[in-house]
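Since the structure comes first, as structure tokens, the remarks are kept for the end.
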Amino acid sequence: MSKLPIFESGAVWLVGAGPGDPGLLTLHAVNALKQADVIIYDALVNVEVLEWARPDAEQIKLGKRGGMPSPKQAEITAKLIGFAQAGKRVLRLKGGDPYMFGRGGEEALALAAANIPVRVIPGITAGIGGLAYAGIPVTHRDINQSVTFLTGHDHRGLTPGRIDWAAIAKGSGMIVMYMAVKHIGEIATALIAAGRPADDPVTVVKNATMPDMQVLETTLENAARDIAKSGIGSPAIISIGRGNLLRKDLT
């Protein structure tokens, strides 16, 4: 096995912890956990992965959740910079992948501007790994040869206003949405109005890859009603498209 990198003092590593199952951590992520002095982790990180951390490492939970009291992004970034400037090896642990709707890009830019050495360690994102656990391939050469990843809300917590729904409705075989449960009714209406079939299969996967994972199968026109009726909520991934039909043969 090749030698894993040394975590230098005064550096920050942005690490993806994957969608939940601890077995989906990368070797680089485990290596980071074993060396870090300070671990600042998100609300969606499975705390079981912290068992790989050094016993004397400082662990700080600083996660942002929509609709709940959360630390401001500026506060989180300031802590990263402050600990690094104090000579600590700082691990910023994020659910899924740091750059997939995880504000990793914002934090990396802020750290670079402060002249803090940054290393990014990708993680398995729920939009791929979580759907795989639910029996859904995000691509398949006979059914869905393209996939689009979307966020279900913007920085204000509203339905994204900069998305070209017509282009996505007609141009993407599979649509995979993060943080979209709250606004699925508006999103479904926009997609159907743009030409997406009302009966297009939809799958909602809550707590993807975890023992308590829940899966709801519905259609685009019925998604909002069925989600509300079932009580399934966040954190969840929503996939739209015929690739969902493969689930019946893969679960």
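The values are calculated or read from the model by the stated rules, or taken from the named source; none is laboratory data. Computed from a predicted structure; not experimentally measured. As a convention, Cβ positions derive from the backbone with ideal geometry for all residues, glycine included, and neighbour counts pool all protein chains shown.
Some notes on this structure:
- Lone unmet requirement of (1) basic (Lys, Arg); (2) in contact (Cβ under 8 Å) with a residue 60 or more places away in the chain; (3) surrounded by 16 or more Cβ atoms within 10 Å (Cβ to Cβ) for Arg242: (3)
- Residue within the range 113-121 that is assigned to a loop (DSSP other than H, G, I, E, B), closer than 28 Å to Ile168 by Cβ and of a type outside the set (Phe, Trp, Tyr) present: no
- Within the range 96-132, the only residue that satisfies the criterion of being closer than 17 Å to Met213 by Cα and either surrounded by fewer than 20 Cβ atoms within 10 Å (Cβ to Cβ) or modelled with pLDDT under 95 (or both) is Ala132.
- Taken over the range 192-210, the criterion of being touching a residue at least 24 places away in the same chain (Cβ under 8 Å) and either of a type in the set (Ser, Thr, Tyr) or not in a strand (DSSP E or B) (or both) is satisfied by Ile192, Ala193, Ala194, Gly195, Arg196, Asp200, Thr203, Asn207, Ala208, Thr209, Met210.
- Taken over the range 80-106, the criterion of being over 18 Å from Met179 (Cα atoms) and touching a strand residue (DSSP E or B) at 6+ places or on another chain (Cβ under 6 Å) is satisfied by Leu80, Phe83, Ala84, Lys88, Val90, Leu91, Arg92, Leu93.
- Index of the failed condition, Lys182 passing every other in (1) buried (at least 17 other Cβ atoms within 10 Å of the Cβ); (2) at pLDDT 95 or above; (3) out of contact with any helix residue (DSSP H, G or I) (no Cβ under 7 Å at 6 or more places or on another chain): (2)
- Of all the listed residues (Leu24, Leu91, Leu14), the sole one being over 20 Å from Pro235 (Cβ atoms) and surrounded by 18 or more Cβ atoms within 10 Å (Cβ to Cβ) is Leu91.
- Entry remark, the range 1-34: residues being more than 24 Å from the chain's Cα centre (by Cα) and either over 21 Å from Ile124 (Cα atoms) or free of Cβ contacts under 8 Å to residues at least 40 places away in the same chain (or both) number 9 in total.
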